[in-house]
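The values are calculated or read from the model by the stated rules, or taken from the named source; none is laboratory data. Only a predicted model underlies this, so the values are computations on that prediction, with no experimental measurement involved. Glycine gets a Cβ as well: all are built from the backbone with ideal geometry, and neighbour counts include every protein chain shown.
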């Protein structure tokens, strides 16, 4: 089986998570500057077999798209054009940043590490991916 990659896409940074080859475990991979995301994906996808990319879908509490969705749509269109053989799936990402912060707190990370927004984004991507796997 091929891996599943997840993105917590943001204006400044994008958190990235990936499954194992059996698609059982979601693990944080890294966080990259969003401006560098196309280069990162090109390099990663050249060396790893990925069948699907799960992208967080930001929604308001009432289920309507959040304002950041408009920023994501052009990237998603490019992604589907660049990698037509890789499925792109959306996953509701409400509360993932809060859950990421709570998990950092529960794991005993110090205040300095908890303020690391890149780590929060990576953990958020992992939560998005795990939620997708649980739904699947």
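Summary of values
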item	result
Selection within the range 69-98 - exposed (fewer than 15 other Cβ atoms within 10 Å of the Cβ) and either at pLDDT below 85 or part of a helix (DSSP H, G or I) (or both)	70, 71, 73, 74, 77, 78, 80, 81, 82, 95, 98
Residue, surrounded by the fewest Cβ atoms within 10 Å (Cβ to Cβ), within the range 21-50, restricted to residues that are in a loop (DSSP other than H, G, I, E, B) and in contact with a strand residue (DSSP E or B) (Cβ under 7 Å, 6 or more places away or on another chain)	49
